1. For the stretch 282-303, which residues satisfy the criterion of being among the small types (Gly, Ala, Ser) and more than 13 Å from the chain's Cα centre (by Cα)?
2. Taking the residues in the stretch 135-170 that are away from ligand 2 (no atom under 14 Å from the Cβ) and open to solvent by less than 20 Å² (accessible area, probe 1.4 Å) as candidates, determine which candidate is farthest from VAL479 (Cα to Cα).
3. How many of the residues making up the stretch 44-57 are open to solvent by less than 40 Å² (accessible area, probe 1.4 Å) and more than 21 Å from GLU240 (Cβ to Cβ)?
4. Just checking, does the stretch 97-106 include any residue being small (Gly, Ala, Ser), over 29 Å from GLY395 (Cβ atoms), without any contact (Cβ under 8 Å) to a residue 12 or more places away in the chain and open to solvent by less than 50 Å² (accessible area, probe 1.4 Å)?
5. Taking only the stretch 306-324 into account, find how many residues are more than 11 Å from ligand 2 (Cβ to nearest atom) and of a type in the set (A, V, I, L, M).
6. For the stretch 479-506, what are the residues that are part of a loop (DSSP other than H, G, I, E, B) and either open to solvent by less than 30 Å² (accessible area, probe 1.4 Å) or in contact with a Lys or Arg (Cβ under 6 Å, 6 or more places away or on another chain) (or both)?
7. Pick from VAL327, VAL336: which is touching a strand residue (DSSP E or B) at 6+ places or on another chain (Cβ under 7 Å) and in a strand (DSSP E or B)?
8. Against the definition (open to solvent by less than 30 Å² (accessible area, probe 1.4 Å), in the same structural domain as VAL193 (by TED's automatic domain parsing), assigned to a strand (DSSP E or B) and within 21 Å of LYS216 (Cα to Cα)), how does VAL63 come out, yes or no?
Amino acid sequence: MVVPYKHEPFTDFTVKENKKAFEEALKLVKEELGKDHDLLINGERVSTEDKIVSINPANKEQVVGRVSKATKEHAERAIQAADEAFEGWRKWSARSRAELLFRAAAIVRRRKHEFSAYLVYEAGKPWKEADADTAEAIDFMEYYARQMIELGEGKAIESRPGEQNRYVYTPSGVALVIPPWNFAFAIMAGTAVAPLVTGNTVLLKPASATPVVAAKFVEVLEEAGLPKGVLNFVPGSGAEVGDYLVDHPKTSIITFTGSREVGTRIYERAAKVQPGQQHLKRVIVEMGGKDTIVVDKDADLELAAQAIVVSAFGFSGQKCSAGSRAVILKEVYDQVRDRVVELTNELTLGETTGPDVYMGPVIDQASFDKIMSYIEIGKEEGRLVAGGEGDDSKGYFIKPTVFADLAPKSRMQQEEIFGPVVCLTKADNFDEAIEIANNTEYGLTGAVITNNRAHIEQAKMDFHVGNLYFNRNCTGAIVGYHPFGGFKMSGTDSKAGGPDYLGLHMQAKTVSEMF
Ligand SMILES: NC(=O)c1ccc[n+]([C@@H]2O[C@H](COP(=O)([O-])OP(=O)(O)OC[C@H]3O[C@@H](n4cnc5c(N)ncnc54)[C@H](O)[C@@H]3O)[C@@H](O)[C@H]2O)c1
Ligand SMILES: N[C@@H](CCC=O)C(=O)O
(Lines give C-alpha, C1' and ligand atoms only; values in the text may rest on other atoms or scores of the structure.)
(Ligands and ions follow the chains in the order given, each with its own letter.)
Protein backbone atom coordinates (compact mmCIF):
# COMPACT_ATOMS: atom_id res chain seq x y z
CA MET A 1 0.00 0.00 0.00
CA VAL A 2 1.28 3.45 -0.86
CA VAL A 3 0.17 6.28 1.41
CA PRO A 4 -1.81 9.05 -0.34
CA TYR A 5 0.20 11.86 -1.92
CA LYS A 6 0.73 15.04 0.10
CA HIS A 7 3.07 17.81 -0.92
CA GLU A 8 6.37 18.16 0.91
CA PRO A 9 6.03 20.74 3.71
CA PHE A 10 8.14 23.89 3.51
CA THR A 11 10.76 24.51 6.18
CA ASP A 12 9.93 27.11 8.82
CA PHE A 13 13.19 29.02 9.22
CA THR A 14 11.90 30.97 12.21
CA VAL A 15 12.39 27.71 14.16
CA LYS A 16 15.90 27.87 15.64
CA GLU A 17 16.80 24.24 14.89
CA ASN A 18 15.78 24.60 11.23
CA LYS A 19 17.83 27.74 10.82
CA LYS A 20 20.84 26.04 12.39
CA ALA A 21 20.44 22.94 10.25
CA PHE A 22 20.35 25.07 7.12
CA GLU A 23 23.42 27.05 8.17
CA GLU A 24 25.26 23.77 8.68
CA ALA A 25 24.22 22.57 5.21
CA LEU A 26 25.50 25.82 3.71
CA LYS A 27 28.81 25.32 5.50
CA LEU A 28 29.08 21.71 4.36
CA VAL A 29 28.29 22.53 0.73
CA LYS A 30 30.70 25.48 0.77
CA GLU A 31 33.50 23.00 1.46
CA GLU A 32 32.48 20.98 -1.60
CA LEU A 33 32.38 23.94 -3.99
CA GLY A 34 34.74 24.01 -6.95
CA LYS A 35 34.79 20.23 -7.50
CA ASP A 36 34.76 18.57 -10.91
CA HIS A 37 31.69 16.68 -12.12
CA ASP A 38 31.76 14.18 -14.98
CA LEU A 39 29.45 13.18 -17.78
CA LEU A 40 27.61 9.89 -17.26
CA ILE A 41 27.36 7.69 -20.35
CA ASN A 42 26.20 4.10 -20.16
CA GLY A 43 26.93 4.01 -16.43
CA GLU A 44 30.48 5.26 -16.87
CA ARG A 45 31.90 8.59 -15.73
CA VAL A 46 33.58 10.55 -18.51
CA SER A 47 35.77 13.54 -17.81
CA THR A 48 36.53 16.11 -20.52
CA GLU A 49 39.14 18.85 -20.77
CA ASP A 50 36.57 21.42 -21.73
CA LYS A 51 34.40 22.38 -18.71
CA ILE A 52 31.31 24.40 -17.95
CA VAL A 53 32.35 26.55 -15.00
CA SER A 54 29.37 27.18 -12.75
CA ILE A 55 29.67 30.29 -10.59
CA ASN A 56 27.70 31.82 -7.74
CA PRO A 57 25.72 34.71 -9.27
CA ALA A 58 25.90 36.56 -5.95
CA ASN A 59 29.69 36.31 -5.92
CA LYS A 60 31.31 35.95 -9.32
CA GLU A 61 34.61 34.87 -7.77
CA GLN A 62 33.11 31.77 -6.21
CA VAL A 63 33.22 28.68 -8.44
CA VAL A 64 30.40 26.27 -7.57
CA GLY A 65 31.73 23.47 -9.74
CA ARG A 66 33.43 22.55 -12.99
CA VAL A 67 31.33 20.25 -15.12
CA SER A 68 32.58 18.22 -18.07
CA LYS A 69 31.17 19.35 -21.37
CA ALA A 70 29.86 16.83 -23.87
CA THR A 71 30.71 16.99 -27.56
CA LYS A 72 28.63 15.55 -30.40
CA GLU A 73 30.65 12.32 -30.12
CA HIS A 74 29.69 11.98 -26.44
CA ALA A 75 26.09 12.76 -27.33
CA GLU A 76 26.12 10.02 -29.97
CA ARG A 77 27.54 7.48 -27.52
CA ALA A 78 24.96 8.49 -24.94
CA ILE A 79 22.04 8.12 -27.32
CA GLN A 80 23.23 4.69 -28.47
CA ALA A 81 23.55 3.64 -24.81
CA ALA A 82 20.06 4.95 -24.02
CA ASP A 83 18.64 3.17 -27.06
CA GLU A 84 20.16 -0.15 -25.96
CA ALA A 85 19.16 0.28 -22.33
CA PHE A 86 15.57 0.92 -23.43
CA GLU A 87 15.06 -2.76 -24.28
CA GLY A 88 15.60 -3.77 -20.66
CA TRP A 89 14.14 -0.78 -18.87
CA ARG A 90 10.84 -0.79 -20.76
CA LYS A 91 10.16 -4.27 -19.39
CA TRP A 92 10.50 -3.24 -15.76
CA SER A 93 7.07 -3.22 -14.14
CA ALA A 94 5.45 0.15 -13.53
CA ARG A 95 5.54 -0.64 -9.82
CA SER A 96 9.31 -1.30 -9.80
CA ARG A 97 10.02 1.93 -11.67
CA ALA A 98 7.75 3.82 -9.26
CA GLU A 99 9.55 2.31 -6.28
CA LEU A 100 12.84 3.55 -7.65
CA LEU A 101 11.39 7.07 -7.59
CA PHE A 102 10.16 6.60 -4.02
CA ARG A 103 13.72 5.62 -3.06
CA ALA A 104 15.18 8.63 -4.82
CA ALA A 105 12.64 10.91 -3.10
CA ALA A 106 13.61 9.44 0.28
CA ILE A 107 17.32 10.04 -0.40
CA VAL A 108 16.68 13.68 -1.36
CA ARG A 109 14.40 14.20 1.65
CA ARG A 110 17.20 13.04 3.96
CA ARG A 111 19.60 15.48 2.23
CA LYS A 112 17.03 18.23 1.68
CA HIS A 113 19.01 21.16 3.09
CA GLU A 114 22.14 20.05 1.24
CA PHE A 115 20.31 20.29 -2.09
CA SER A 116 18.76 23.64 -1.13
CA ALA A 117 22.21 24.91 -0.14
CA TYR A 118 23.47 24.05 -3.62
CA LEU A 119 20.59 26.12 -5.03
CA VAL A 120 21.60 29.04 -2.81
CA TYR A 121 25.13 28.98 -4.22
CA GLU A 122 24.46 27.96 -7.80
CA ALA A 123 21.19 29.80 -8.60
CA GLY A 124 21.41 32.59 -6.01
CA LYS A 125 18.14 31.48 -4.42
CA PRO A 126 17.08 32.87 -1.06
CA TRP A 127 16.57 30.14 1.55
CA LYS A 128 12.79 30.03 1.23
CA GLU A 129 12.88 29.80 -2.56
CA ALA A 130 15.61 27.14 -2.47
CA ASP A 131 13.65 25.12 0.07
CA ALA A 132 10.52 25.33 -2.11
CA ASP A 133 12.51 24.25 -5.19
CA THR A 134 13.81 21.15 -3.37
CA ALA A 135 10.35 20.38 -1.95
CA GLU A 136 8.92 20.53 -5.48
CA ALA A 137 11.57 18.11 -6.76
CA ILE A 138 10.54 15.64 -4.04
CA ASP A 139 6.87 16.22 -4.92
CA PHE A 140 7.43 15.41 -8.59
CA MET A 141 8.98 12.05 -7.66
CA GLU A 142 6.30 11.17 -5.12
CA TYR A 143 3.43 12.28 -7.36
CA TYR A 144 4.60 10.71 -10.63
CA ALA A 145 5.45 7.43 -8.87
CA ARG A 146 1.85 7.16 -7.64
CA GLN A 147 0.47 8.17 -11.02
CA MET A 148 2.55 5.46 -12.69
CA ILE A 149 1.32 2.77 -10.32
CA GLU A 150 -2.22 3.69 -11.38
CA LEU A 151 -1.42 3.93 -15.09
CA GLY A 152 0.50 0.65 -15.00
CA GLU A 153 -2.88 -1.09 -14.95
CA GLY A 154 -3.97 0.70 -18.12
CA LYS A 155 -7.51 2.07 -18.36
CA ALA A 156 -10.82 0.27 -18.44
CA ILE A 157 -12.45 -0.24 -21.84
CA GLU A 158 -15.34 -2.46 -22.94
CA SER A 159 -15.09 -6.16 -23.86
CA ARG A 160 -17.71 -8.33 -25.57
CA PRO A 161 -18.59 -12.01 -25.21
CA GLY A 162 -15.69 -13.95 -26.76
CA GLU A 163 -13.53 -10.86 -27.07
CA GLN A 164 -11.17 -9.59 -24.34
CA ASN A 165 -9.96 -6.01 -24.77
CA ARG A 166 -7.28 -4.10 -22.88
CA TYR A 167 -5.99 -0.55 -23.10
CA VAL A 168 -2.44 -0.19 -21.79
CA TYR A 169 0.35 2.39 -21.85
CA THR A 170 3.77 1.64 -23.30
CA PRO A 171 6.94 3.74 -23.25
CA SER A 172 8.14 5.51 -26.39
CA GLY A 173 11.96 5.24 -26.45
CA VAL A 174 14.75 7.70 -25.81
CA ALA A 175 13.79 11.02 -24.22
CA LEU A 176 15.87 14.18 -24.44
CA VAL A 177 15.39 16.35 -21.34
CA ILE A 178 16.34 20.03 -21.55
CA PRO A 179 15.50 22.00 -18.39
CA PRO A 180 16.03 25.70 -17.52
CA TRP A 181 18.23 27.10 -14.73
CA ASN A 182 15.51 28.89 -12.77
CA PHE A 183 13.98 25.84 -11.06
CA ALA A 184 17.33 24.16 -11.26
CA PHE A 185 16.28 21.22 -9.14
CA ALA A 186 12.49 20.93 -9.41
CA ILE A 187 12.02 21.29 -13.17
CA MET A 188 15.23 19.44 -13.96
CA ALA A 189 14.21 16.52 -11.72
CA GLY A 190 10.52 16.57 -12.67
CA THR A 191 11.17 16.56 -16.41
CA ALA A 192 13.81 13.81 -16.02
CA VAL A 193 11.85 11.41 -13.81
CA ALA A 194 8.59 11.61 -15.81
CA PRO A 195 10.08 9.89 -18.88
CA LEU A 196 12.03 7.49 -16.63
CA VAL A 197 9.08 6.28 -14.58
CA THR A 198 7.05 5.76 -17.76
CA GLY A 199 9.74 3.38 -19.04
CA ASN A 200 11.73 5.61 -21.37
CA THR A 201 15.47 6.11 -21.21
CA VAL A 202 16.88 9.61 -20.82
CA LEU A 203 19.57 11.99 -21.95
CA LEU A 204 19.67 14.88 -19.49
CA LYS A 205 21.24 18.07 -20.80
CA PRO A 206 21.13 20.53 -17.88
CA ALA A 207 21.15 24.32 -18.17
CA SER A 208 24.69 25.66 -18.37
CA ALA A 209 24.16 28.03 -15.42
CA THR A 210 23.14 25.25 -13.03
CA PRO A 211 24.75 21.93 -13.99
CA VAL A 212 26.10 21.07 -10.51
CA VAL A 213 22.77 20.52 -8.80
CA ALA A 214 21.82 18.33 -11.79
CA ALA A 215 25.04 16.30 -11.38
CA LYS A 216 24.19 15.79 -7.68
CA PHE A 217 20.72 14.56 -8.61
CA VAL A 218 22.13 12.10 -11.14
CA GLU A 219 24.13 10.59 -8.26
CA VAL A 220 20.90 10.17 -6.28
CA LEU A 221 19.21 8.29 -9.12
CA GLU A 222 22.22 5.98 -9.43
CA GLU A 223 22.12 5.36 -5.67
CA ALA A 224 18.41 4.59 -5.95
CA GLY A 225 19.28 1.77 -8.35
CA LEU A 226 18.83 3.04 -11.89
CA PRO A 227 20.47 0.57 -14.31
CA LYS A 228 23.33 1.74 -16.51
CA GLY A 229 22.44 3.55 -19.70
CA VAL A 230 18.91 4.39 -18.52
CA LEU A 231 19.93 7.92 -17.55
CA ASN A 232 22.82 9.62 -19.33
CA PHE A 233 24.14 13.00 -18.23
CA VAL A 234 25.37 15.18 -21.11
CA PRO A 235 25.87 18.83 -20.18
CA GLY A 236 26.91 20.85 -23.21
CA SER A 237 26.30 23.74 -25.50
CA GLY A 238 22.71 24.15 -26.70
CA ALA A 239 23.89 24.98 -30.18
CA GLU A 240 26.20 21.94 -30.50
CA VAL A 241 24.84 19.10 -28.37
CA GLY A 242 21.27 20.45 -28.14
CA ASP A 243 20.63 20.68 -31.86
CA TYR A 244 22.39 17.36 -32.50
CA LEU A 245 20.18 15.50 -30.04
CA VAL A 246 16.98 17.28 -31.04
CA ASP A 247 17.60 16.27 -34.67
CA HIS A 248 18.72 12.72 -33.89
CA PRO A 249 16.53 10.03 -35.51
CA LYS A 250 16.63 7.93 -32.33
CA THR A 251 15.19 10.70 -30.15
CA SER A 252 11.54 9.85 -29.44
CA ILE A 253 10.54 12.44 -26.86
CA ILE A 254 11.84 15.96 -26.30
CA THR A 255 10.87 17.68 -23.11
CA PHE A 256 12.06 21.27 -23.03
CA THR A 257 11.44 24.06 -20.56
CA GLY A 258 12.92 27.46 -21.29
CA SER A 259 12.64 30.52 -23.47
CA ARG A 260 10.23 31.07 -26.32
CA GLU A 261 13.14 31.55 -28.69
CA VAL A 262 14.76 28.18 -28.02
CA GLY A 263 11.44 26.36 -27.50
CA THR A 264 10.01 27.33 -30.87
CA ARG A 265 13.30 26.43 -32.56
CA ILE A 266 13.19 22.96 -31.00
CA TYR A 267 9.50 22.52 -31.89
CA GLU A 268 10.22 23.32 -35.51
CA ARG A 269 13.36 21.14 -35.82
CA ALA A 270 11.71 18.19 -34.10
CA ALA A 271 8.94 18.16 -36.71
CA LYS A 272 11.38 17.29 -39.49
CA VAL A 273 11.62 13.55 -40.10
CA GLN A 274 15.30 12.61 -40.37
CA PRO A 275 16.73 9.81 -42.53
CA GLY A 276 16.32 6.52 -40.64
CA GLN A 277 13.70 7.94 -38.27
CA GLN A 278 10.80 5.56 -37.76
CA HIS A 279 8.44 7.59 -35.61
CA LEU A 280 7.18 11.12 -35.11
CA LYS A 281 8.81 12.86 -32.15
CA ARG A 282 6.68 13.78 -29.17
CA VAL A 283 7.53 17.32 -28.10
CA ILE A 284 6.72 19.06 -24.84
CA VAL A 285 7.80 22.68 -24.81
CA GLU A 286 7.03 24.93 -21.86
CA MET A 287 8.14 28.49 -22.46
CA GLY A 288 7.88 32.02 -21.12
CA GLY A 289 5.15 34.20 -19.68
CA LYS A 290 4.03 37.79 -19.31
CA ASP A 291 1.76 37.18 -16.40
CA THR A 292 -0.82 39.66 -15.16
CA ILE A 293 -2.48 40.44 -11.86
CA VAL A 294 -5.83 42.17 -12.33
CA VAL A 295 -7.05 44.30 -9.42
CA ASP A 296 -10.77 45.04 -9.35
CA LYS A 297 -12.23 48.15 -7.72
CA ASP A 298 -14.09 45.99 -5.21
CA ALA A 299 -11.13 44.11 -3.74
CA ASP A 300 -8.98 43.73 -0.66
CA LEU A 301 -6.39 46.32 -1.68
CA GLU A 302 -3.78 45.27 0.86
CA LEU A 303 -4.01 41.71 -0.45
CA ALA A 304 -3.72 43.09 -4.00
CA ALA A 305 -0.53 45.02 -3.22
CA GLN A 306 0.99 42.03 -1.40
CA ALA A 307 0.09 39.70 -4.28
CA ILE A 308 1.66 42.05 -6.83
CA VAL A 309 4.90 42.37 -4.86
CA VAL A 310 5.29 38.67 -4.06
CA SER A 311 4.48 37.64 -7.65
CA ALA A 312 6.85 40.22 -9.14
CA PHE A 313 9.87 39.87 -6.88
CA GLY A 314 9.96 36.25 -5.61
CA PHE A 315 13.33 34.86 -6.84
CA SER A 316 13.99 38.27 -8.39
CA GLY A 317 11.14 37.84 -10.89
CA GLN A 318 12.97 34.95 -12.54
CA LYS A 319 9.94 32.70 -12.75
CA CYS A 320 7.94 32.02 -15.88
CA SER A 321 4.93 32.58 -13.60
CA ALA A 322 6.17 35.97 -12.31
CA GLY A 323 3.53 38.69 -12.15
CA SER A 324 5.45 41.16 -14.26
CA ARG A 325 2.40 43.29 -15.03
CA ALA A 326 -0.53 44.51 -12.97
CA VAL A 327 -3.72 45.97 -14.43
CA ILE A 328 -5.57 48.00 -11.83
CA LEU A 329 -9.01 49.59 -12.09
CA LYS A 330 -8.83 53.37 -12.15
CA GLU A 331 -10.85 53.87 -8.93
CA VAL A 332 -8.18 52.11 -6.83
CA TYR A 333 -5.08 52.58 -9.01
CA ASP A 334 -3.34 55.30 -6.98
CA GLN A 335 -3.92 53.55 -3.68
CA VAL A 336 -2.63 50.18 -4.90
CA ARG A 337 0.36 51.76 -6.69
CA ASP A 338 1.43 53.66 -3.56
CA ARG A 339 1.19 50.57 -1.39
CA VAL A 340 3.14 48.48 -3.96
CA VAL A 341 5.89 51.10 -3.89
CA GLU A 342 5.95 51.10 -0.08
CA LEU A 343 6.19 47.30 0.12
CA THR A 344 8.82 47.19 -2.63
CA ASN A 345 11.03 49.68 -0.83
CA GLU A 346 10.94 47.46 2.27
CA LEU A 347 12.39 44.41 0.46
CA THR A 348 15.94 43.35 1.26
CA LEU A 349 18.46 42.61 -1.50
CA GLY A 350 21.77 40.82 -1.04
CA GLU A 351 23.77 37.60 -0.92
CA THR A 352 21.40 34.77 -0.18
CA THR A 353 23.65 32.84 2.18
CA GLY A 354 22.11 35.05 4.89
CA PRO A 355 18.72 33.97 6.29
CA ASP A 356 16.74 37.18 6.02
CA VAL A 357 17.39 38.25 2.45
CA TYR A 358 14.23 38.52 0.37
CA MET A 359 15.88 38.92 -3.01
CA GLY A 360 19.20 37.70 -4.36
CA PRO A 361 20.99 38.32 -7.65
CA VAL A 362 19.86 37.61 -11.19
CA ILE A 363 21.50 34.62 -12.80
CA ASP A 364 24.31 36.01 -14.96
CA GLN A 365 25.81 38.95 -16.82
CA ALA A 366 23.61 38.46 -19.89
CA SER A 367 20.46 38.57 -17.74
CA PHE A 368 21.75 41.56 -15.79
CA ASP A 369 22.44 43.48 -19.01
CA LYS A 370 19.10 42.52 -20.55
CA ILE A 371 17.10 43.56 -17.48
CA MET A 372 19.01 46.84 -17.12
CA SER A 373 18.32 47.63 -20.76
CA TYR A 374 14.60 47.01 -20.16
CA ILE A 375 14.78 49.40 -17.20
CA GLU A 376 16.02 52.07 -19.62
CA ILE A 377 13.11 51.31 -21.96
CA GLY A 378 10.76 51.53 -18.97
CA LYS A 379 12.03 55.01 -18.15
CA GLU A 380 11.01 56.11 -21.65
CA GLU A 381 7.71 54.26 -21.80
CA GLY A 382 6.48 54.80 -18.23
CA ARG A 383 7.27 56.40 -14.88
CA LEU A 384 9.88 54.84 -12.56
CA VAL A 385 8.39 54.80 -9.04
CA ALA A 386 10.73 52.36 -7.24
CA GLY A 387 14.18 50.80 -7.74
CA GLY A 388 15.74 51.09 -11.17
CA GLU A 389 19.36 50.57 -10.13
CA GLY A 390 21.73 47.66 -10.61
CA ASP A 391 25.22 46.73 -9.40
CA ASP A 392 27.23 43.98 -11.06
CA SER A 393 30.56 44.64 -9.34
CA LYS A 394 30.49 41.53 -7.12
CA GLY A 395 27.32 39.70 -8.17
CA TYR A 396 24.38 40.53 -10.42
CA PHE A 397 22.14 42.61 -8.20
CA ILE A 398 19.17 44.66 -9.40
CA LYS A 399 16.85 46.54 -7.06
CA PRO A 400 13.17 45.55 -7.19
CA THR A 401 11.75 47.98 -9.71
CA VAL A 402 8.26 49.37 -10.29
CA PHE A 403 7.10 51.32 -13.31
CA ALA A 404 3.71 53.08 -13.34
CA ASP A 405 1.41 54.31 -16.09
CA LEU A 406 2.45 51.97 -18.88
CA ALA A 407 0.42 51.76 -22.08
CA PRO A 408 -1.02 48.24 -22.45
CA LYS A 409 0.80 47.67 -25.72
CA SER A 410 4.15 49.14 -24.65
CA ARG A 411 7.19 46.86 -24.92
CA MET A 412 7.43 46.77 -21.13
CA GLN A 413 3.90 45.36 -21.00
CA GLN A 414 4.40 42.87 -23.81
CA GLU A 415 7.88 41.33 -23.57
CA GLU A 416 9.15 38.87 -20.96
CA ILE A 417 11.81 40.70 -18.92
CA PHE A 418 12.55 37.81 -16.52
CA GLY A 419 13.85 40.01 -13.74
CA PRO A 420 12.68 42.07 -10.76
CA VAL A 421 10.55 44.54 -12.70
CA VAL A 422 6.79 45.07 -12.49
CA CYS A 423 4.77 47.42 -14.68
CA LEU A 424 1.43 48.93 -13.70
CA THR A 425 -1.35 49.89 -16.10
CA LYS A 426 -4.70 51.59 -15.38
CA ALA A 427 -7.98 50.16 -16.76
CA ASP A 428 -11.34 51.93 -17.05
CA ASN A 429 -13.43 48.90 -16.13
CA PHE A 430 -13.21 45.14 -15.51
CA ASP A 431 -13.93 44.18 -19.15
CA GLU A 432 -11.04 46.33 -20.28
CA ALA A 433 -8.76 44.92 -17.56
CA ILE A 434 -9.35 41.35 -18.81
CA GLU A 435 -8.86 42.48 -22.40
CA ILE A 436 -5.48 43.99 -21.47
CA ALA A 437 -4.53 40.90 -19.46
CA ASN A 438 -5.12 38.79 -22.59
CA ASN A 439 -3.33 41.08 -25.01
CA THR A 440 0.12 39.44 -25.03
CA GLU A 441 1.32 36.46 -27.02
CA TYR A 442 1.74 34.50 -23.78
CA GLY A 443 -0.89 32.74 -21.65
CA LEU A 444 0.81 31.15 -18.67
CA THR A 445 -0.45 32.41 -15.29
CA GLY A 446 -2.73 35.17 -14.08
CA ALA A 447 -4.48 36.29 -10.93
CA VAL A 448 -7.57 38.35 -10.20
CA ILE A 449 -8.02 40.16 -6.91
CA THR A 450 -11.73 40.87 -6.45
CA ASN A 451 -14.69 40.49 -4.13
CA ASN A 452 -17.12 40.56 -7.05
CA ARG A 453 -18.56 37.07 -7.68
CA ALA A 454 -19.77 37.92 -11.20
CA HIS A 455 -16.28 39.09 -12.10
CA ILE A 456 -14.79 35.84 -10.81
CA GLU A 457 -17.13 33.90 -13.10
CA GLN A 458 -16.35 36.21 -16.02
CA ALA A 459 -12.60 35.81 -15.53
CA LYS A 460 -12.92 32.01 -15.33
CA MET A 461 -14.37 32.09 -18.85
CA ASP A 462 -12.43 34.95 -20.42
CA PHE A 463 -8.98 35.19 -18.82
CA HIS A 464 -6.99 32.99 -21.19
CA VAL A 465 -4.18 31.46 -19.15
CA GLY A 466 -3.15 27.93 -18.19
CA ASN A 467 -3.01 28.70 -14.45
CA LEU A 468 -5.60 31.16 -13.16
CA TYR A 469 -5.67 32.17 -9.50
CA PHE A 470 -8.14 34.25 -7.49
CA ASN A 471 -7.31 36.41 -4.49
CA ARG A 472 -3.69 35.26 -4.23
CA ASN A 473 -0.38 35.59 -6.06
CA CYS A 474 0.18 34.05 -9.49
CA THR A 475 3.35 32.09 -8.61
CA GLY A 476 4.00 28.99 -6.52
CA ALA A 477 2.07 26.15 -8.18
CA ILE A 478 2.27 22.97 -6.13
CA VAL A 479 2.61 19.53 -7.69
CA GLY A 480 -0.66 17.61 -7.61
CA TYR A 481 -2.60 20.70 -6.53
CA HIS A 482 -1.96 23.20 -9.34
CA PRO A 483 -0.93 21.30 -12.51
CA PHE A 484 1.27 23.75 -14.38
CA GLY A 485 1.52 24.82 -18.02
CA GLY A 486 0.53 27.63 -20.33
CA PHE A 487 -1.56 28.53 -23.35
CA LYS A 488 -0.59 30.41 -26.51
CA MET A 489 3.16 31.01 -26.91
CA SER A 490 3.75 29.87 -23.33
CA GLY A 491 3.84 26.33 -24.60
CA THR A 492 2.14 23.01 -25.13
CA ASP A 493 0.22 23.21 -21.83
CA SER A 494 1.64 19.89 -20.68
CA LYS A 495 0.54 20.50 -17.10
CA ALA A 496 3.56 19.33 -15.13
CA GLY A 497 2.53 17.87 -11.79
CA GLY A 498 -0.93 17.01 -13.11
CA PRO A 499 -2.88 13.86 -13.93
CA ASP A 500 -2.32 14.04 -17.71
CA TYR A 501 1.44 14.65 -17.68
CA LEU A 502 2.79 11.10 -17.72
CA GLY A 503 0.48 10.20 -20.60
CA LEU A 504 2.47 12.56 -22.81
CA HIS A 505 5.48 10.26 -22.43
CA MET A 506 3.74 7.04 -23.43
CA GLN A 507 1.88 5.43 -26.29
CA ALA A 508 -1.51 3.89 -25.64
CA LYS A 509 -1.88 0.36 -27.00
CA THR A 510 -5.15 -1.49 -27.58
CA VAL A 511 -4.85 -5.28 -27.21
CA SER A 512 -7.84 -7.32 -28.40
CA GLU A 513 -7.98 -11.12 -28.17
CA MET A 514 -10.72 -13.50 -29.40
CA PHE A 515 -11.45 -16.52 -27.25
N1 LIG B 1 6.63 27.42 -18.80
C2 LIG B 1 7.36 26.89 -17.85
O3 LIG B 1 6.99 25.94 -17.17
C4 LIG B 1 8.71 27.49 -17.57
C5 LIG B 1 9.37 27.14 -16.40
C6 LIG B 1 10.63 27.70 -16.15
C7 LIG B 1 11.19 28.59 -17.03
N8 LIG B 1 10.51 28.92 -18.16
C9 LIG B 1 11.08 29.89 -19.09
O10 LIG B 1 12.47 29.62 -19.27
C11 LIG B 1 13.17 30.80 -19.61
C12 LIG B 1 14.39 30.93 -18.75
O13 LIG B 1 15.16 29.79 -18.82
P14 LIG B 1 16.51 29.69 -19.66
O15 LIG B 1 17.18 31.03 -19.68
O16 LIG B 1 17.26 28.53 -19.12
O17 LIG B 1 15.97 29.38 -21.11
P18 LIG B 1 16.80 28.99 -22.41
O19 LIG B 1 15.80 28.79 -23.49
O20 LIG B 1 17.91 29.92 -22.66
O21 LIG B 1 17.48 27.59 -22.04
C22 LIG B 1 16.70 26.48 -21.66
C23 LIG B 1 17.49 25.21 -21.92
O24 LIG B 1 17.67 25.07 -23.33
C25 LIG B 1 19.03 24.78 -23.63
N26 LIG B 1 19.31 25.20 -25.01
C27 LIG B 1 19.70 26.40 -25.46
N28 LIG B 1 19.82 26.36 -26.81
C29 LIG B 1 19.46 25.12 -27.21
C30 LIG B 1 19.36 24.46 -28.47
N31 LIG B 1 19.64 25.07 -29.61
N32 LIG B 1 18.95 23.17 -28.50
C33 LIG B 1 18.65 22.53 -27.36
N34 LIG B 1 18.74 23.09 -26.14
C35 LIG B 1 19.14 24.37 -26.07
C36 LIG B 1 19.78 25.51 -22.53
O37 LIG B 1 21.08 24.99 -22.38
C38 LIG B 1 18.89 25.22 -21.33
O39 LIG B 1 19.17 23.94 -20.81
C40 LIG B 1 12.16 31.93 -19.39
O41 LIG B 1 11.66 32.33 -20.64
C42 LIG B 1 11.08 31.28 -18.55
O43 LIG B 1 9.83 31.90 -18.66
C44 LIG B 1 9.30 28.39 -18.45
N1 LIG C 1 5.83 26.45 -11.33
C2 LIG C 1 6.40 27.70 -10.92
C3 LIG C 1 6.99 28.45 -12.06
C4 LIG C 1 7.93 27.70 -12.94
C5 LIG C 1 8.58 28.62 -13.91
O6 LIG C 1 9.52 29.31 -13.73
C7 LIG C 1 5.34 28.58 -10.27
O8 LIG C 1 4.18 28.23 -10.28
O9 LIG C 1 5.69 29.63 -9.77
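The values are calculated or read from the model by the stated rules, or taken from the named source; none is laboratory data. No experiment lies behind these values; they were computed from the predicted model shown. Positions of Cβ are backbone-derived with ideal geometry, glycine not excepted, and every protein chain shown enters the neighbour counts. Please note that ligands, DNA and RNA were not included when accessible areas were found on the heavy atoms of the full protein model with its side chains. Shrake-Rupley method; radii C 1.70, N 1.55, O 1.52, S 1.80 Å.
1. Within the stretch 282-303, ALA299 is the sole residue that qualifies.
2. Step by step, filter the stretch 135-170, then rank; the result is GLY154.
3. Going through the stretch 44-57 one residue at a time, the tally reaches 2.
4. yes
5. Going through the stretch 306-324 one residue at a time, the tally reaches 4.
6. VAL479, PRO483, GLY485, GLY486, MET489, SER490, SER494, GLY497, GLY498, TYR501
7. VAL327
8. Against the criterion (open to solvent by less than 30 Å² (accessible area, probe 1.4 Å), in the same structural domain as VAL193 (by TED's automatic domain parsing), assigned to a strand (DSSP E or B) and within 21 Å of LYS216 (Cα to Cα)), VAL63 does not qualify.
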